[in-house]
Amino acid sequence: MDLQEYFSLVFTDYTLRTITLGTAILGAVTGMLGSFAVLRKQSLLGDAISHAALPGIAIAFLITGAKDSNILLLGALVSGLIGTFWIRGIIKKTHLKSDTALGLILSLFFGFGMLLLTFIQKQPNANQAGLDKYLFGQAATLVESDVWMMTIVTGFCLFILLLFWKEFKILLFDADYTKTLGFNTKFIDILITTFIVLAIVLGLQTVGVVLMSAMLLAPAAAARQWTNSLGRMVIIAAIFGALSGVFGTAVSASQNNLSTGPVIVIIASIFVLVSFVFSPSRGLLFKQIRFIKNRRDLQLHKTLSFMYNIAKTHENIAHPHAIKILNNFQGYTRGTLQKLVRKNYVSLDGNQWSLTQEGYKTAANLYNQQTQNDE
Amino acid sequence: MKQTIAVQVDDLTVAYNYKPVLWDIDLEIPEGVLMAIVGPNGAGKSTLIKSILGILKPIAGSVSIYGKPYDKQRSLVAYVPQKGSVDWDFPTTALDVVMMGTYGSLGWIKRPGQKEKKAALEALEKVGMLPFKNRQISQLSGGQQQRIFLARALVQNASIYFMDEPFQGVDATTEIAIINILKELRKAGKTVIVVHHDLQTVPEYFDWVTFLNVKKIATGPVKDIFNDDNLTKTYGINYKVSIQE
């Protein structure tokens, strides 16, 4: 199946539709909530939480003996939340830095989870096969009920997000100040964190424990490049996330069933790459272009001011001077002279130049802060 | 004449670890003063403000605002945190930050409307930042960011203002603009409490001063207690400043 075939089948083929819808919704909700994680500088928290969820999956299976994805994800949710609150506890109660606490919990829980997984695999129970798909995810296992689950959780997230928008925003920007206004910052904080954990757990089946944090961070980091408004950032992140999900599924389905999770993550990373290079205000490309343009402008102005200093020694500012005097000035090129002529600052006459009235005035007021308008 | 006490602090003790940062602070701040809190680094100046505002939990002691616990008097108090305490690359505009000052009176869930926007624009005007209202906050200079913080507190229309080093890293123009606003607040009968570093300007800017170094050294009118004796007790060295007679 090639990409074209995929897109013609996606609306009619039940399995494809389910998987595509699932990954799109997942991408949207993780992108949305990932914006908060990124702005709180808690990017690594997502990584720790997803790894911390693994033992929960294993324990849920050991207790129930069934591979019902909802029950397994409930186990993941519980152990993810425990991991999260342990991290917060460690940071608060000890002098360890947050990266240490994150690393500690991440490896501890992941190690324990792997231990349990190998233990389960040694069991005679034939049902155990395939539990390790939670490591890297397998979108193909998504069924309609999973998609419904994702839709409900996403809808709920969206509702809470809109309801407490103002509170989330102010807490993200200035937590101490929020406290002085009388808001229960602990409540808002726990609300945000719980939703981040929820989004991560939702994605474990599709993208897996190891790569899940990329789903959280990549769309948000990309979205930040395109806007300076929190609302727009969240929306753009959701769109980027959803598109990553759709294209990831498309590529994976059309190319010999490449593993979906990694493909989605790679597509999301492409969004990041493109955003970092091509965003108009923050992107590297336009920054470089602006930088070069600025240098040119400065060179132009320097030349103009050099000419001004020569011209002002004469009574008549329009008095012509030889072009070759300019060769003494380092920043001078033929190009800058042409540009100054085009801007009507300078007029040429054979081998001689003279400042125009406008050029004289501009040069006199160059970089004069008091006369420049800030806006 | 007995003055009304705006802020009263009793036996306040705060510690991060074993060693106390503030030890047994008793402090009465009369209504309508413009007060500087001075002391060396690590003296607990910011901690004192944060404990009064309930951001930090003290080990012992109590705070009352106009005779009632702080929790019940929040609407009377506004806070200007240190400029460096937030990430200025946050995706929002100057106007939006100032609007945050209205969130407290709005309470949970309710969104700011036209009335709140009008109040925020007025505050921006007061600090001379109206032309920058739609500017992304990372594109403001340090002094402009400080003015935005001040405007956010002004929107709260409080009776008592706590400010943590509002003059830090701002140029002379902004410093004068800010002190003029503070003096205006005092003229309007508000109480303003400022963590301040520049001892030279204390007599010029403030009428009340508290010397702090873990313990409270002295508190009172600048003209009575801003002297070498108290400066030496606070800073530990013989600190000479010239005070205009």
Filtered residues of the range B:36-46 (kept if within 10 Å of the chain's Cα centre (by Cα) and either more than 14 Å from chain A (Cβ to nearest Cβ) or aromatic (F, W, Y) (or both))
B:A36, B:I37
Is it the case that A:L96 is farther than 30 Å from B:G107 by Cβ, assigned by TED's automatic domain parsing to the domain that holds A:N228 and outside any helix (DSSP H, G or I)?
yes
So if I check each of B:G61, B:G54, B:G67, which one is surrounded by 14 or more Cβ atoms within 10 Å (Cβ to Cβ), away from chain A (no Cβ under 13 Å) and closer than 23 Å to B:T13 by Cβ?
B:G61
Taking the range A:224-235 and the residues there that are open to solvent by 40 Å² or more (accessible area, probe 1.4 Å) and part of a helix (DSSP H, G or I), the one that is nearest to the other protein chains (Cβ to nearest Cβ) would be A:R232
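Answer with yes or no whether B:A188 is free of Cβ contacts under 8 Å to residues at least 24 places away in the same chain and surrounded by fewer than 21 Cβ atoms within 10 Å (Cβ to Cβ). Break it down stepwise before answering.
Values: free of Cβ contacts under 8 Å to residues at least 24 places away in the same chain: yes; surrounded by fewer than 21 Cβ atoms within 10 Å (Cβ to Cβ): yes.
It is true that B:A188 is free of Cβ contacts under 8 Å to residues at least 24 places away in the same chain and surrounded by fewer than 21 Cβ atoms within 10 Å (Cβ to Cβ).
Do we find that A:S281 is part of a loop (DSSP other than H, G, I, E, B), open to solvent by less than 90 Å² (accessible area, probe 1.4 Å) and among the hydroxyl-bearing types (S, T, Y) in this structure? Give the steps one after another, and end with the answer.
On the way: part of a loop (DSSP other than H, G, I, E, B): yes; open to solvent by less than 90 Å² (accessible area, probe 1.4 Å): yes; among the hydroxyl-bearing types (S, T, Y): yes.
Against the criterion (part of a loop (DSSP other than H, G, I, E, B), open to solvent by less than 90 Å² (accessible area, probe 1.4 Å) and among the hydroxyl-bearing types (S, T, Y)), A:S281 qualifies.
For the structure I just gave you, tell me whether B:I49 is within 14 Å of another protein chain (Cβ to nearest Cβ) and part of a loop (DSSP other than H, G, I, E, B).
On the way: within 14 Å of another protein chain (Cβ to nearest Cβ): yes; part of a loop (DSSP other than H, G, I, E, B): no.
Here the answer is no, as B:I49 does not meet what is asked.
Here is a yes/no grid of residues against (1) within 30 Å of B:K72 (Cα to Cα); (2) without any contact (Cβ under 8 Å) to a residue 12 or more places away in the chain:
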{"residue": "A:F183", "(1), (2)": "yes, no"}
{"residue": "A:I190", "(1), (2)": "yes, yes"}
{"residue": "A:L198", "(1), (2)": "no, no"}
{"residue": "A:L202", "(1), (2)": "no, no"}
{"residue": "A:V207", "(1), (2)": "no, no"}
For the range A:90-106 the number of residues that are under 13 Å from A:H51 (Cα atoms) and open to solvent by 70 Å² or more (accessible area, probe 1.4 Å) is 1
Among the residues of the range A:15-30, are any outside any helix (DSSP H, G or I), under 24 Å from A:N256 (Cα atoms) and either open to solvent by 20 Å² or more (accessible area, probe 1.4 Å) or not assigned by TED's automatic domain parsing to the domain that holds A:S145 (or both)?
no
Out of A:I292, A:I317, A:I325, sole residue that is touching a strand residue (DSSP E or B) at 6+ places or on another chain (Cβ under 7 Å) and either over 30 Å from A:T227 (Cα atoms) or outside any strand (DSSP E or B) (or both):
A:I317
Condition met for A:T178 (among the polar types (S, T, N, Q) and either within 23 Å of A:Q205 (Cβ to Cβ) or outside the structural domain of A:M32 (by TED's automatic domain parsing) (or both)):
no
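Yes/no per residue for (1) more than 11 Å from chain A (Cβ to nearest Cβ); (2) more than 29 Å from A:V38 (Cα to Cα); (3) exposed (fewer than 15 other Cβ atoms within 10 Å of the Cβ); (4) touching a residue at least 24 places away in the same chain (Cβ under 8 Å):
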{"residue": "B:T93", "(1), (2), (3), (4)": "no, no, no, yes"}
{"residue": "B:K118", "(1), (2), (3), (4)": "yes, yes, yes, no"}
{"residue": "B:P131", "(1), (2), (3), (4)": "no, yes, yes, no"}
{"residue": "B:Q136", "(1), (2), (3), (4)": "no, no, no, yes"}
Looking only at the range A:106-119, decide whether some residue is closer than 29 Å to A:M233 by Cβ and assigned to a helix (DSSP H, G or I).
yes
For the subset of the range B:156-174 comprising residues that are assigned to a helix (DSSP H, G or I) and touching a residue at least 24 places away in the same chain (Cβ under 8 Å), which member is nearest to B:M35 (Cα to Cα)?
B:T174
Restricting attention to the range A:211-220, does a residue exist that is more than 15 Å from A:Q42 (Cβ to Cβ), within 14 Å of chain B (Cβ to nearest Cβ) and either open to solvent by 10 Å² or more (accessible area, probe 1.4 Å) or touching a residue at least 24 places away in the same chain (Cβ under 8 Å) (or both)?
no
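Can you find, within the range B:78-91, the residue that is nearest to B:I49 (Cα to Cα) among those that are part of a loop (DSSP other than H, G, I, E, B) and more than 7 Å from every other protein chain (Cβ to nearest Cβ)?
The residue in question is B:Q82.
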Consider B:V21 carefully, then state whether it is open to solvent by less than 30 Å² (accessible area, probe 1.4 Å), touching a Gly at 6+ places or on another chain (Cβ under 6 Å) and in contact (Cβ under 8 Å) with a residue 60 or more places away in the chain.
yes
Selected residue (criterion: nearest to the chain's Cα centre (by Cα)) from residues of the range B:95-116 that are more than 9 Å from chain A (Cβ to nearest Cβ) and not aliphatic (A, V, I, L, M):
B:T102
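Report whether or not A:F168 is at pLDDT 90 or above, more than 11 Å from chain B (Cβ to nearest Cβ) and open to solvent by 20 Å² or more (accessible area, probe 1.4 Å). I'd like the intermediate steps shown before the answer.
Details: at pLDDT 90 or above: yes; more than 11 Å from chain B (Cβ to nearest Cβ): yes; open to solvent by 20 Å² or more (accessible area, probe 1.4 Å): no.
The answer is no for A:F168.
Is one or more of the residues making up the range B:203-214 out of contact with any helix residue (DSSP H, G or I) (no Cβ under 9 Å at 6 or more places or on another chain) and at pLDDT below 95? Outline the logic, then answer.
Keep residues of the range B:203-214 that are out of contact with any helix residue (DSSP H, G or I) (no Cβ under 9 Å at 6 or more places or on another chain), which gives B:214.
Imposing the further condition that a residue be at pLDDT below 95 reduces the set to B:214.
Yes; the residues of the range B:203-214 include at least one that is out of contact with any helix residue (DSSP H, G or I) (no Cβ under 9 Å at 6 or more places or on another chain) and at pLDDT below 95.
Residues of the range A:39-89 being within 14 Å of chain B (Cβ to nearest Cβ) and either small (G, A, S) or crowded, with 17+ Cβ neighbours inside 10 Å (or both), which ones?
If we filter the range A:39-89 for residues that are within 14 Å of chain B (Cβ to nearest Cβ), which is where we start, we get A:39-43.
The answer is A:L39, A:R40, A:Q42, A:S43.
The values are calculated or read from the model by the stated rules, or taken from the named source; none is laboratory data. Treat the numbers as computed from the prediction; the structure is a model and nothing was measured. Heads up, the Cβs are rebuilt from the backbone with ideal geometry, glycines too, and the neighbour counts pull from every protein chain shown. The protein model used for the area step is the full one, side chains on, heavy atoms only, and it has no ligands, DNA or RNA in it. Shrake-Rupley method; radii C 1.70, N 1.55, O 1.52, S 1.80 Å.
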